[in-house]
1. Could you say whether any residue in the stretch 92-100 is within 20 Å of Met378 (Cβ to Cβ), at pLDDT below 90 and among the polar types (S, T, N, Q)?
2. Regarding the stretch 457-468, can at least one residue be identified that is within 18 Å of the chain's Cα centre (by Cα), surrounded by 15 or more Cβ atoms within 10 Å (Cβ to Cβ) and at positive phi?
3. Could you say whether any residue in the stretch 324-331 is surrounded by 22 or more Cβ atoms within 10 Å (Cβ to Cβ), part of a helix (DSSP H, G or I), among the aliphatic types (A, V, I, L, M) and more than 15 Å from the ligand (Cβ to nearest atom)?
4. If I filter the stretch 469-499 down to residues being at pLDDT below 95 and among the charged types (D, E, K, R), which single residue comes out as surrounded by the fewest Cβ atoms within 10 Å (Cβ to Cβ)?
5. Return only the number of the condition from (1) modelled with pLDDT of 95 or more; (2) over 29 Å from Glu481 (Cα atoms) that Lys132 does not satisfy.
6. Looking at the stretch 433-444, which of its residues are within 9 Å of the ligand (Cβ to nearest atom) and crowded, with 20+ Cβ neighbours inside 10 Å?
7. Among the residues of the stretch 374-386, write down those that are under 9 Å from Trp404 (Cα atoms) and within 7 Å of the ligand (Cβ to nearest atom).
8. Among the residues in the stretch 333-347, are any free of Cβ contacts under 8 Å to residues at least 60 places away in the same chain and within 15 Å of the ligand (Cβ to nearest atom)?
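The values are calculated or read from the model by the stated rules, or taken from the named source; none is laboratory data. These numbers were taken from a predicted model, which means no experiment stands behind them. Neighbour counts run over all protein chains shown; Cβ positions are idealised from the backbone, glycine included.
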Amino acid sequence: MQCETIAVAGYTSMRPCLLTIVPPVLLGMFVATILIRKARMNLPPSPPGLPIIGHHHLLGTRPVRSLSDLSRRYGSLMFLRLGNVPVLVASSPAAARLISKMRSHISCSPTIPVVYFEREELLSAPPGLYFKFHHRLRTAELFSAKPFHFFQPIINDEIRSLLQVVADNAACVHIRKELYDATFSIISRIAISRRAKDLRSPSQSDHSSSLQNLLIDSIDLLRVQNIGDYKPCLAWMDLQGARRAKAISTKIKSMWQQIIDDRRRTRLTRGSEIKDSDFLDVLLTASAQDDLQLSDLAIKAVLTNMFDAGIDSSTLTVEWAIAELLAHPRILQKAQQELEEVVGAIRLVEESDIVRLPYLRAIIKETMRLHPIAPLFMPHTVSESCRICGYNIPRSTVACINVWAMGRDSKVWKDPLRFYPERFLDSNMEVRGQDFELLPFGSARQACPGLAFGLNNVHLMLSILLNAFEWRILGEIDLSEKVGTLMSLKSHLVAKATLKIPRCVIDGNQSA
Ligand code: HEM
(Lines give C-alpha, C1' and ligand atoms only; values in the text may rest on other atoms or scores of the structure.)
Protein backbone atom coordinates (compact mmCIF):
# COMPACT_ATOMS: atom_id res chain seq x y z
CA MET A 1 0.00 0.00 0.00
CA GLN A 2 2.82 2.32 1.03
CA CYS A 3 4.82 1.29 -1.97
CA GLU A 4 1.84 1.96 -4.15
CA THR A 5 1.48 5.44 -2.65
CA ILE A 6 5.16 6.24 -3.26
CA ALA A 7 4.88 5.04 -6.82
CA VAL A 8 1.84 7.17 -7.43
CA ALA A 9 3.45 10.10 -5.69
CA GLY A 10 6.57 9.62 -7.80
CA TYR A 11 4.50 9.51 -10.99
CA THR A 12 2.60 12.59 -9.94
CA SER A 13 5.75 14.55 -9.28
CA MET A 14 7.28 13.48 -12.63
CA ARG A 15 4.24 14.55 -14.73
CA PRO A 16 4.67 18.36 -14.73
CA CYS A 17 8.31 17.87 -15.49
CA LEU A 18 7.59 15.64 -18.54
CA LEU A 19 4.78 17.89 -19.65
CA THR A 20 7.08 20.87 -19.80
CA ILE A 21 9.97 19.07 -21.50
CA VAL A 22 8.30 16.81 -24.07
CA PRO A 23 6.34 19.33 -26.17
CA PRO A 24 9.29 21.69 -26.78
CA VAL A 25 11.51 18.71 -27.59
CA LEU A 26 8.93 17.35 -30.06
CA LEU A 27 8.40 20.80 -31.55
CA GLY A 28 12.18 21.25 -31.83
CA MET A 29 12.49 17.87 -33.57
CA PHE A 30 9.62 18.77 -35.90
CA VAL A 31 11.16 22.13 -36.82
CA ALA A 32 14.63 20.56 -37.18
CA THR A 33 13.23 17.86 -39.50
CA ILE A 34 11.53 20.48 -41.60
CA LEU A 35 14.66 22.63 -41.76
CA ILE A 36 16.87 19.67 -42.65
CA ARG A 37 14.40 18.54 -45.30
CA LYS A 38 14.18 22.05 -46.62
CA ALA A 39 17.96 22.43 -46.70
CA ARG A 40 18.26 19.10 -48.54
CA MET A 41 15.56 20.14 -50.97
CA ASN A 42 17.30 23.46 -51.56
CA LEU A 43 14.11 25.35 -52.27
CA PRO A 44 13.96 29.13 -52.82
CA PRO A 45 13.46 31.20 -49.63
CA SER A 46 10.08 30.97 -47.98
CA PRO A 47 8.38 32.29 -44.83
CA PRO A 48 7.68 29.91 -41.93
CA GLY A 49 4.54 27.93 -42.67
CA LEU A 50 2.00 25.97 -40.64
CA PRO A 51 1.29 22.24 -40.79
CA ILE A 52 -1.46 21.28 -43.27
CA ILE A 53 -2.33 24.78 -44.53
CA GLY A 54 1.27 25.78 -45.27
CA HIS A 55 1.35 29.49 -46.05
CA HIS A 56 -2.31 29.92 -46.85
CA HIS A 57 -2.97 32.03 -43.77
CA LEU A 58 -0.41 34.58 -44.98
CA LEU A 59 -2.41 35.45 -48.09
CA GLY A 60 -5.27 37.21 -46.33
CA THR A 61 -8.09 38.78 -48.29
CA ARG A 62 -5.79 40.52 -50.77
CA PRO A 63 -3.41 37.78 -51.91
CA VAL A 64 -1.61 39.82 -54.56
CA ARG A 65 -0.75 42.56 -52.07
CA SER A 66 0.24 40.01 -49.38
CA LEU A 67 2.52 38.21 -51.84
CA SER A 68 4.08 41.52 -52.72
CA ASP A 69 4.73 42.33 -49.01
CA LEU A 70 6.15 38.83 -48.42
CA SER A 71 8.49 39.09 -51.39
CA ARG A 72 10.00 42.25 -49.87
CA ARG A 73 11.08 40.11 -46.90
CA TYR A 74 11.83 36.79 -48.55
CA GLY A 75 13.09 37.83 -51.96
CA SER A 76 11.81 38.19 -55.46
CA LEU A 77 11.91 34.43 -56.05
CA MET A 78 9.88 32.96 -53.22
CA PHE A 79 8.59 29.48 -52.50
CA LEU A 80 5.28 28.84 -50.73
CA ARG A 81 3.03 25.94 -49.95
CA LEU A 82 -0.68 26.58 -50.23
CA GLY A 83 -2.17 23.51 -48.65
CA ASN A 84 -0.61 20.69 -50.66
CA VAL A 85 0.35 22.84 -53.59
CA PRO A 86 3.93 24.10 -54.01
CA VAL A 87 3.95 27.62 -55.44
CA LEU A 88 6.82 29.65 -56.87
CA VAL A 89 6.29 33.42 -57.03
CA ALA A 90 8.43 35.84 -59.02
CA SER A 91 8.16 39.51 -58.09
CA SER A 92 10.94 41.26 -60.00
CA PRO A 93 11.75 41.62 -63.69
CA ALA A 94 14.84 39.39 -63.28
CA ALA A 95 12.86 36.66 -61.48
CA ALA A 96 10.04 36.96 -64.04
CA ARG A 97 12.57 36.44 -66.82
CA LEU A 98 13.77 33.23 -65.11
CA ILE A 99 10.24 31.87 -64.74
CA SER A 100 9.36 32.74 -68.33
CA LYS A 101 12.48 30.97 -69.50
CA MET A 102 11.58 27.94 -67.42
CA ARG A 103 8.02 27.97 -68.77
CA SER A 104 9.39 28.06 -72.30
CA HIS A 105 11.80 25.18 -71.83
CA ILE A 106 9.88 22.64 -69.83
CA SER A 107 6.28 21.80 -70.29
CA CYS A 108 3.81 23.73 -68.18
CA SER A 109 0.07 23.68 -68.39
CA PRO A 110 -2.36 26.37 -67.23
CA THR A 111 -3.20 25.76 -63.58
CA ILE A 112 -6.63 27.22 -63.96
CA PRO A 113 -8.17 25.22 -66.73
CA VAL A 114 -10.88 26.93 -68.71
CA VAL A 115 -13.04 26.38 -65.67
CA TYR A 116 -15.50 23.96 -67.13
CA PHE A 117 -13.05 22.00 -69.28
CA GLU A 118 -10.92 19.36 -67.62
CA ARG A 119 -7.27 20.19 -68.07
CA GLU A 120 -6.68 17.24 -70.36
CA GLU A 121 -9.55 18.41 -72.52
CA LEU A 122 -8.07 21.87 -72.99
CA LEU A 123 -5.86 20.60 -75.71
CA SER A 124 -5.82 16.89 -76.12
CA ALA A 125 -2.35 17.25 -77.49
CA PRO A 126 1.02 16.82 -75.77
CA PRO A 127 2.68 20.07 -74.55
CA GLY A 128 4.91 20.39 -77.62
CA LEU A 129 1.82 20.62 -79.79
CA TYR A 130 0.23 23.06 -77.36
CA PHE A 131 3.12 25.46 -77.99
CA LYS A 132 3.00 24.78 -81.70
CA PHE A 133 -0.68 25.59 -81.73
CA HIS A 134 -0.16 28.83 -79.84
CA HIS A 135 2.59 29.82 -82.21
CA ARG A 136 0.28 29.07 -85.10
CA LEU A 137 -2.41 31.23 -83.50
CA ARG A 138 -0.08 34.17 -83.13
CA THR A 139 1.15 33.95 -86.68
CA ALA A 140 -2.24 33.07 -88.16
CA GLU A 141 -3.42 35.65 -90.62
CA LEU A 142 -6.32 36.49 -88.36
CA PHE A 143 -4.27 37.13 -85.24
CA SER A 144 -1.00 38.71 -86.31
CA ALA A 145 -0.75 42.49 -86.11
CA LYS A 146 -0.03 43.16 -89.80
CA PRO A 147 -3.23 42.26 -91.59
CA PHE A 148 -5.29 43.70 -88.83
CA HIS A 149 -7.40 45.70 -91.22
CA PHE A 150 -9.07 42.37 -91.96
CA PHE A 151 -11.12 42.86 -88.77
CA GLN A 152 -11.22 46.61 -88.78
CA PRO A 153 -14.67 47.00 -90.37
CA ILE A 154 -16.16 44.74 -87.64
CA ILE A 155 -14.39 46.63 -84.86
CA ASN A 156 -15.35 50.04 -86.29
CA ASP A 157 -18.94 48.95 -86.69
CA GLU A 158 -19.24 47.74 -83.09
CA ILE A 159 -17.44 50.77 -81.67
CA ARG A 160 -19.85 53.01 -83.57
CA SER A 161 -22.73 51.12 -81.92
CA LEU A 162 -21.01 51.63 -78.55
CA LEU A 163 -20.85 55.38 -79.17
CA GLN A 164 -24.51 55.48 -80.10
CA VAL A 165 -25.50 53.64 -76.91
CA VAL A 166 -23.37 56.02 -74.84
CA ALA A 167 -24.88 59.05 -76.58
CA ASP A 168 -28.39 57.72 -76.00
CA ASN A 169 -27.71 57.10 -72.29
CA ALA A 170 -25.37 60.04 -71.78
CA ALA A 171 -26.80 61.17 -68.44
CA CYS A 172 -25.70 57.98 -66.71
CA VAL A 173 -23.30 55.68 -68.56
CA HIS A 174 -22.52 52.30 -66.98
CA ILE A 175 -19.09 52.16 -68.50
CA ARG A 176 -18.18 48.53 -67.78
CA LYS A 177 -21.47 47.20 -69.10
CA GLU A 178 -21.29 49.17 -72.34
CA LEU A 179 -17.65 48.26 -72.94
CA TYR A 180 -18.43 44.65 -72.14
CA ASP A 181 -21.31 44.46 -74.64
CA ALA A 182 -19.21 46.06 -77.37
CA THR A 183 -16.24 43.75 -76.76
CA PHE A 184 -18.49 40.70 -76.62
CA SER A 185 -19.94 41.63 -80.01
CA ILE A 186 -16.52 42.22 -81.55
CA ILE A 187 -15.14 38.90 -80.32
CA SER A 188 -18.25 36.99 -81.24
CA ARG A 189 -18.19 38.34 -84.80
CA ILE A 190 -14.47 37.65 -85.14
CA ALA A 191 -14.72 34.19 -83.60
CA ILE A 192 -17.85 32.83 -85.24
CA SER A 193 -19.19 35.63 -87.48
CA ARG A 194 -22.22 36.18 -85.27
CA ARG A 195 -23.29 39.33 -83.48
CA ALA A 196 -23.91 39.18 -79.74
CA LYS A 197 -27.50 40.19 -80.33
CA ASP A 198 -27.89 37.20 -82.68
CA LEU A 199 -26.60 34.95 -79.94
CA ARG A 200 -29.37 36.04 -77.62
CA SER A 201 -32.13 36.92 -80.08
CA PRO A 202 -35.40 35.14 -79.25
CA SER A 203 -35.89 34.52 -82.95
CA GLN A 204 -32.81 32.29 -82.94
CA SER A 205 -32.91 28.65 -81.96
CA ASP A 206 -32.66 27.85 -78.26
CA HIS A 207 -28.97 27.03 -78.29
CA SER A 208 -27.88 30.37 -79.64
CA SER A 209 -30.32 32.33 -77.53
CA SER A 210 -28.56 31.22 -74.40
CA LEU A 211 -24.94 30.79 -75.54
CA GLN A 212 -24.17 34.38 -74.60
CA ASN A 213 -25.64 33.93 -71.12
CA LEU A 214 -23.70 30.74 -70.57
CA LEU A 215 -20.44 32.35 -71.66
CA ILE A 216 -21.13 35.27 -69.34
CA ASP A 217 -21.80 32.83 -66.48
CA SER A 218 -18.59 31.03 -67.26
CA ILE A 219 -16.62 34.27 -67.14
CA ASP A 220 -18.19 35.03 -63.74
CA LEU A 221 -16.89 31.70 -62.47
CA LEU A 222 -13.39 32.58 -63.65
CA ARG A 223 -13.46 35.70 -61.50
CA VAL A 224 -13.64 33.65 -58.30
CA GLN A 225 -10.55 32.08 -56.77
CA ASN A 226 -11.03 28.41 -56.09
CA ILE A 227 -9.95 27.34 -52.63
CA GLY A 228 -10.28 23.68 -53.67
CA ASP A 229 -7.33 24.19 -56.06
CA TYR A 230 -5.08 24.82 -53.07
CA LYS A 231 -6.75 22.73 -50.39
CA PRO A 232 -8.02 19.62 -52.14
CA CYS A 233 -9.46 18.44 -48.80
CA LEU A 234 -11.91 21.38 -49.01
CA ALA A 235 -12.84 20.80 -52.65
CA TRP A 236 -16.01 18.96 -51.58
CA MET A 237 -17.35 22.24 -50.20
CA ASP A 238 -17.40 23.47 -53.80
CA LEU A 239 -16.88 27.10 -52.80
CA GLN A 240 -16.22 28.16 -56.37
CA GLY A 241 -19.19 26.32 -57.80
CA ALA A 242 -17.39 23.51 -59.65
CA ARG A 243 -20.64 21.55 -59.92
CA ARG A 244 -22.36 24.52 -61.55
CA ALA A 245 -19.32 24.93 -63.78
CA LYS A 246 -19.64 21.33 -64.88
CA ALA A 247 -23.29 21.83 -65.82
CA ILE A 248 -22.43 24.99 -67.77
CA SER A 249 -19.55 23.16 -69.41
CA THR A 250 -21.82 20.42 -70.71
CA LYS A 251 -24.24 22.94 -72.22
CA ILE A 252 -21.53 25.09 -73.75
CA LYS A 253 -19.87 22.06 -75.32
CA SER A 254 -23.07 20.90 -76.96
CA MET A 255 -23.82 24.40 -78.29
CA TRP A 256 -20.34 24.76 -79.73
CA GLN A 257 -20.72 21.33 -81.31
CA GLN A 258 -23.80 22.49 -83.22
CA ILE A 259 -21.99 25.61 -84.39
CA ILE A 260 -18.94 23.55 -85.46
CA ASP A 261 -21.09 21.02 -87.32
CA ASP A 262 -22.99 23.80 -89.11
CA ARG A 263 -19.73 25.40 -90.14
CA ARG A 264 -18.27 22.11 -91.41
CA ARG A 265 -21.32 21.73 -93.63
CA THR A 266 -20.96 25.29 -94.97
CA ARG A 267 -17.26 24.76 -95.62
CA LEU A 268 -18.06 21.69 -97.68
CA THR A 269 -20.34 23.74 -99.91
CA ARG A 270 -17.68 26.47 -100.16
CA GLY A 271 -15.40 23.94 -101.88
CA SER A 272 -11.66 23.37 -101.62
CA GLU A 273 -10.60 26.99 -102.07
CA ILE A 274 -11.56 28.04 -98.56
CA LYS A 275 -10.17 31.29 -97.22
CA ASP A 276 -10.40 31.51 -93.45
CA SER A 277 -12.93 34.20 -92.68
CA ASP A 278 -13.13 33.98 -88.91
CA PHE A 279 -11.45 32.31 -85.96
CA LEU A 280 -13.54 29.16 -86.19
CA ASP A 281 -12.33 28.77 -89.78
CA VAL A 282 -8.72 29.07 -88.58
CA LEU A 283 -9.35 26.34 -86.01
CA LEU A 284 -11.07 24.04 -88.47
CA THR A 285 -8.25 24.48 -90.98
CA ALA A 286 -5.75 23.70 -88.20
CA SER A 287 -7.76 20.65 -87.17
CA ALA A 288 -7.39 19.28 -90.69
CA GLN A 289 -3.60 19.64 -90.59
CA ASP A 290 -1.73 16.48 -89.73
CA ASP A 291 0.78 18.05 -87.36
CA LEU A 292 -1.83 19.63 -85.11
CA GLN A 293 -4.82 17.33 -85.12
CA LEU A 294 -7.01 19.53 -82.97
CA SER A 295 -9.93 17.57 -81.64
CA ASP A 296 -13.42 19.08 -81.60
CA LEU A 297 -13.13 19.25 -77.84
CA ALA A 298 -9.96 21.32 -78.14
CA ILE A 299 -11.65 23.64 -80.64
CA LYS A 300 -14.51 24.18 -78.20
CA ALA A 301 -12.09 24.85 -75.35
CA VAL A 302 -10.11 27.34 -77.42
CA LEU A 303 -13.26 29.18 -78.53
CA THR A 304 -14.48 29.41 -74.94
CA ASN A 305 -11.02 30.51 -73.84
CA MET A 306 -11.10 33.28 -76.43
CA PHE A 307 -14.36 34.67 -75.04
CA ASP A 308 -13.25 34.29 -71.42
CA ALA A 309 -9.78 35.70 -71.89
CA GLY A 310 -10.58 38.35 -74.47
CA ILE A 311 -13.70 40.10 -73.20
CA ASP A 312 -12.95 40.91 -69.58
CA SER A 313 -9.32 41.80 -70.23
CA SER A 314 -10.07 44.53 -72.79
CA THR A 315 -13.16 45.79 -70.93
CA LEU A 316 -11.46 46.07 -67.55
CA THR A 317 -8.33 47.70 -68.98
CA VAL A 318 -10.36 50.49 -70.64
CA GLU A 319 -12.50 50.92 -67.51
CA TRP A 320 -9.35 51.31 -65.37
CA ALA A 321 -7.95 53.85 -67.86
CA ILE A 322 -11.13 55.96 -67.79
CA ALA A 323 -11.27 55.77 -63.98
CA GLU A 324 -7.66 56.99 -63.69
CA LEU A 325 -8.37 59.79 -66.18
CA LEU A 326 -11.44 60.91 -64.25
CA ALA A 327 -9.31 60.94 -61.11
CA HIS A 328 -6.63 62.99 -62.94
CA PRO A 329 -8.37 65.76 -64.95
CA ARG A 330 -5.05 67.27 -66.08
CA ILE A 331 -4.11 64.02 -67.84
CA LEU A 332 -7.60 63.65 -69.31
CA GLN A 333 -7.43 67.17 -70.72
CA LYS A 334 -3.97 66.55 -72.20
CA ALA A 335 -5.16 63.33 -73.87
CA GLN A 336 -8.20 65.09 -75.35
CA GLN A 337 -6.04 67.92 -76.58
CA GLU A 338 -3.79 65.45 -78.40
CA LEU A 339 -6.87 63.85 -79.98
CA GLU A 340 -8.23 67.24 -81.09
CA GLU A 341 -4.93 68.07 -82.76
CA VAL A 342 -4.47 64.70 -84.50
CA VAL A 343 -8.07 63.68 -85.27
CA GLY A 344 -10.37 66.65 -84.73
CA ALA A 345 -14.14 66.64 -84.33
CA ILE A 346 -15.28 65.80 -87.83
CA ARG A 347 -14.47 62.10 -87.88
CA LEU A 348 -13.90 59.14 -85.55
CA VAL A 349 -10.43 57.97 -84.55
CA GLU A 350 -9.11 55.27 -86.86
CA GLU A 351 -6.61 52.50 -86.22
CA SER A 352 -4.01 54.31 -88.35
CA ASP A 353 -4.21 57.35 -86.02
CA ILE A 354 -2.93 55.41 -83.01
CA VAL A 355 0.77 55.71 -84.00
CA ARG A 356 0.33 59.50 -83.95
CA LEU A 357 -1.14 59.47 -80.41
CA PRO A 358 1.92 58.92 -78.16
CA TYR A 359 0.26 60.35 -75.06
CA LEU A 360 -2.75 58.07 -75.42
CA ARG A 361 -0.45 55.06 -75.83
CA ALA A 362 1.44 56.17 -72.71
CA ILE A 363 -1.87 56.28 -70.81
CA ILE A 364 -2.58 52.67 -71.76
CA LYS A 365 0.92 51.58 -70.69
CA GLU A 366 0.56 53.42 -67.39
CA THR A 367 -2.84 51.80 -66.84
CA MET A 368 -1.41 48.36 -67.55
CA ARG A 369 1.54 49.02 -65.22
CA LEU A 370 -0.63 49.95 -62.24
CA HIS A 371 -3.65 47.78 -63.01
CA PRO A 372 -2.62 44.61 -64.84
CA ILE A 373 -5.87 42.73 -65.25
CA ALA A 374 -4.17 39.36 -64.68
CA PRO A 375 -2.04 40.32 -61.64
CA LEU A 376 -0.50 36.85 -61.27
CA PHE A 377 -0.81 35.97 -64.96
CA MET A 378 -2.30 32.65 -65.64
CA PRO A 379 -0.46 30.44 -63.13
CA HIS A 380 1.14 27.43 -64.82
CA THR A 381 1.97 24.04 -63.29
CA VAL A 382 5.48 22.78 -63.96
CA SER A 383 5.33 19.23 -65.24
CA GLU A 384 8.86 18.17 -64.25
CA SER A 385 11.35 19.17 -61.57
CA CYS A 386 13.99 21.70 -62.61
CA ARG A 387 16.55 24.15 -61.25
CA ILE A 388 16.37 27.93 -61.19
CA CYS A 389 19.20 30.09 -59.89
CA GLY A 390 20.67 27.05 -58.11
CA TYR A 391 17.35 26.25 -56.37
CA ASN A 392 15.41 23.05 -56.92
CA ILE A 393 11.87 23.49 -58.15
CA PRO A 394 9.83 20.35 -57.51
CA ARG A 395 7.55 18.83 -60.10
CA SER A 396 3.92 20.12 -59.99
CA THR A 397 4.97 23.52 -58.65
CA VAL A 398 2.61 26.30 -59.67
CA ALA A 399 4.66 29.14 -61.12
CA CYS A 400 3.26 32.67 -60.82
CA ILE A 401 4.59 36.05 -61.83
CA ASN A 402 3.34 38.89 -59.64
CA VAL A 403 3.12 41.61 -62.30
CA TRP A 404 1.09 43.76 -59.92
CA ALA A 405 4.05 43.89 -57.50
CA MET A 406 6.49 44.53 -60.34
CA GLY A 407 4.45 47.51 -61.53
CA ARG A 408 4.64 49.07 -58.05
CA ASP A 409 8.25 48.32 -57.24
CA SER A 410 10.17 51.46 -56.26
CA LYS A 411 13.41 49.75 -57.36
CA VAL A 412 12.03 49.67 -60.89
CA TRP A 413 9.79 52.75 -61.10
CA LYS A 414 10.24 56.29 -59.83
CA ASP A 415 7.27 57.32 -57.70
CA PRO A 416 5.56 54.01 -58.54
CA LEU A 417 2.11 54.70 -57.09
CA ARG A 418 1.64 57.89 -59.10
CA PHE A 419 -0.43 57.64 -62.30
CA TYR A 420 1.99 59.47 -64.57
CA PRO A 421 1.85 58.53 -68.29
CA GLU A 422 4.67 61.02 -69.03
CA ARG A 423 7.14 58.42 -67.69
CA PHE A 424 6.70 56.49 -70.96
CA LEU A 425 7.02 59.41 -73.37
CA ASP A 426 10.80 59.30 -73.63
CA SER A 427 11.09 55.57 -73.18
CA ASN A 428 11.18 52.72 -75.68
CA MET A 429 9.50 50.38 -73.23
CA GLU A 430 6.73 48.30 -74.81
CA VAL A 431 4.09 45.95 -73.44
CA ARG A 432 4.75 43.15 -75.91
CA GLY A 433 6.75 40.84 -73.66
CA GLN A 434 10.34 41.94 -74.34
CA ASP A 435 10.55 44.40 -71.45
CA PHE A 436 10.19 42.41 -68.25
CA GLU A 437 9.44 45.53 -66.21
CA LEU A 438 6.09 45.83 -67.98
CA LEU A 439 4.45 42.53 -68.82
CA PRO A 440 0.66 42.95 -68.98
CA PHE A 441 0.34 40.30 -71.70
CA GLY A 442 2.93 37.84 -70.39
CA SER A 443 5.99 36.91 -72.38
CA ALA A 444 7.56 34.21 -74.48
CA ARG A 445 5.60 31.32 -75.86
CA GLN A 446 2.80 31.50 -73.34
CA ALA A 447 2.11 35.20 -73.73
CA CYS A 448 -1.41 36.27 -74.61
CA PRO A 449 -2.20 35.09 -78.15
CA GLY A 450 -4.66 37.98 -78.48
CA LEU A 451 -2.01 40.65 -77.77
CA ALA A 452 -2.10 42.49 -81.10
CA PHE A 453 -5.85 42.37 -81.27
CA GLY A 454 -6.39 43.28 -77.61
CA LEU A 455 -3.94 46.18 -77.69
CA ASN A 456 -5.45 47.61 -80.84
CA ASN A 457 -8.89 47.32 -79.31
CA VAL A 458 -8.11 49.10 -76.05
CA HIS A 459 -6.32 51.96 -77.85
CA LEU A 460 -9.19 52.41 -80.24
CA MET A 461 -11.98 52.21 -77.66
CA LEU A 462 -10.34 54.62 -75.26
CA SER A 463 -9.36 57.16 -77.90
CA ILE A 464 -12.77 57.16 -79.56
CA LEU A 465 -14.60 57.57 -76.25
CA LEU A 466 -12.31 60.44 -75.21
CA ASN A 467 -12.57 62.20 -78.54
CA ALA A 468 -16.34 61.90 -78.84
CA PHE A 469 -17.39 62.82 -75.29
CA GLU A 470 -16.61 64.99 -72.31
CA TRP A 471 -16.72 62.82 -69.18
CA ARG A 472 -17.71 63.61 -65.63
CA ILE A 473 -17.83 61.12 -62.77
CA LEU A 474 -21.18 60.57 -61.05
CA GLY A 475 -20.50 60.35 -57.31
CA GLU A 476 -17.07 59.78 -55.80
CA ILE A 477 -14.28 58.19 -57.77
CA ASP A 478 -13.22 54.96 -56.09
CA LEU A 479 -10.06 53.27 -57.35
CA SER A 480 -10.21 50.30 -54.96
CA GLU A 481 -9.43 46.94 -56.48
CA LYS A 482 -11.39 43.74 -56.49
CA VAL A 483 -9.11 40.76 -56.96
CA GLY A 484 -10.07 37.34 -58.21
CA THR A 485 -8.27 35.65 -61.06
CA LEU A 486 -8.71 39.04 -62.73
CA MET A 487 -8.34 42.43 -61.14
CA SER A 488 -11.15 44.92 -61.64
CA LEU A 489 -12.40 48.13 -60.07
CA LYS A 490 -14.37 47.23 -56.96
CA SER A 491 -17.26 49.52 -57.91
CA HIS A 492 -18.40 49.72 -61.51
CA LEU A 493 -17.66 53.12 -63.00
CA VAL A 494 -20.69 55.28 -63.73
CA ALA A 495 -20.18 58.62 -65.49
CA LYS A 496 -21.98 61.39 -67.33
CA ALA A 497 -21.01 61.83 -70.97
CA THR A 498 -21.53 64.99 -73.04
CA LEU A 499 -21.23 64.62 -76.78
CA LYS A 500 -18.53 66.93 -78.12
CA ILE A 501 -18.55 65.97 -81.79
CA PRO A 502 -21.56 66.24 -84.13
CA ARG A 503 -24.02 63.35 -83.70
CA CYS A 504 -23.91 62.68 -87.43
CA VAL A 505 -20.23 61.67 -87.04
CA ILE A 506 -21.05 58.82 -84.68
CA ASP A 507 -24.10 57.84 -86.71
CA GLY A 508 -21.83 57.50 -89.75
CA ASN A 509 -23.74 60.10 -91.71
CA GLN A 510 -21.36 63.04 -92.00
CA SER A 511 -23.36 64.77 -94.69
CA ALA A 512 -26.50 64.88 -92.53
C1 HEM B 1 -5.99 44.32 -72.90
C2 HEM B 1 -6.22 43.14 -73.34
C3 HEM B 1 -5.58 41.86 -72.86
C4 HEM B 1 -4.68 41.63 -71.85
C5 HEM B 1 -4.07 42.64 -70.90
C6 HEM B 1 -4.40 40.20 -71.85
C7 HEM B 1 -3.53 39.58 -70.97
C8 HEM B 1 -3.32 38.22 -70.93
C9 HEM B 1 -2.45 37.56 -69.99
C10 HEM B 1 -1.59 38.23 -68.92
C11 HEM B 1 -2.50 36.23 -70.23
C12 HEM B 1 -1.75 35.12 -69.49
C13 HEM B 1 -0.35 34.99 -70.06
C14 HEM B 1 0.54 34.09 -69.23
O15 HEM B 1 0.08 33.39 -68.34
O16 HEM B 1 1.76 34.12 -69.47
C17 HEM B 1 -3.45 36.04 -71.32
C18 HEM B 1 -3.79 34.82 -71.84
C19 HEM B 1 -4.68 34.66 -72.87
N20 HEM B 1 -5.26 35.65 -73.62
FE21 HEM B 1 -5.11 37.62 -73.32
N22 HEM B 1 -5.13 39.60 -72.83
C23 HEM B 1 -5.85 40.57 -73.48
C24 HEM B 1 -6.70 40.42 -74.55
C25 HEM B 1 -6.98 39.22 -75.14
C26 HEM B 1 -7.86 39.04 -76.27
C27 HEM B 1 -8.60 40.18 -76.96
C28 HEM B 1 -7.89 37.70 -76.55
C29 HEM B 1 -8.61 36.94 -77.61
C30 HEM B 1 -9.46 37.41 -78.42
C31 HEM B 1 -7.05 37.03 -75.58
C32 HEM B 1 -6.84 35.69 -75.52
C33 HEM B 1 -6.07 35.06 -74.57
C34 HEM B 1 -5.98 33.62 -74.43
C35 HEM B 1 -6.71 32.60 -75.29
C36 HEM B 1 -5.11 33.37 -73.37
C37 HEM B 1 -4.76 32.02 -72.77
C38 HEM B 1 -3.48 31.50 -73.27
C39 HEM B 1 -3.22 30.13 -72.64
O40 HEM B 1 -4.09 29.29 -72.67
O41 HEM B 1 -2.10 29.96 -72.14
N42 HEM B 1 -6.51 37.98 -74.74
N43 HEM B 1 -3.91 37.26 -71.73
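1. Yes: the stretch 92-100 contains one or more residues that are within 20 Å of Met378 (Cβ to Cβ), at pLDDT below 90 and among the polar types (S, T, N, Q).
2. no
3. Residues of the stretch 324-331 that are surrounded by 22 or more Cβ atoms within 10 Å (Cβ to Cβ), as a first pass: 325.
Restricting the remaining residues to those that are part of a helix (DSSP H, G or I) gives 325.
Next, only the ones that are among the aliphatic types (A, V, I, L, M) stay: 325.
Subsequent filtering for residues that are more than 15 Å from the ligand (Cβ to nearest atom) retains 325.
Checking the stretch 324-331: at least one residue is surrounded by 22 or more Cβ atoms within 10 Å (Cβ to Cβ), part of a helix (DSSP H, G or I), among the aliphatic types (A, V, I, L, M) and more than 15 Å from the ligand (Cβ to nearest atom).
4. Across the stretch 469-499, the extreme among qualifying residues is Glu476.
5. The failed condition is (1).
6. Residues of the stretch 433-444 that are within 9 Å of the ligand (Cβ to nearest atom), as a first pass: 433, 439-444.
Once the filter is applied, which keeps residues that are within 9 Å of the ligand (Cβ to nearest atom) and crowded, with 20+ Cβ neighbours inside 10 Å, the stretch 433-444 yields Leu439, Pro440, Phe441, Gly442, Ser443.
7. Initially, the stretch 374-386 is screened for residues under 9 Å from Trp404 (Cα atoms), giving 374-376.
Within the stretch 374-386, just Ala374 meets the criteria.
8. Taking the stretch 333-347 as the starting set, the residues that turn out to be free of Cβ contacts under 8 Å to residues at least 60 places away in the same chain are 333-334, 337-338, 341-342, 344.
Adding the requirement that they be within 15 Å of the ligand (Cβ to nearest atom) leaves none.
No: the stretch 333-347 contains no residue that is free of Cβ contacts under 8 Å to residues at least 60 places away in the same chain and within 15 Å of the ligand (Cβ to nearest atom).
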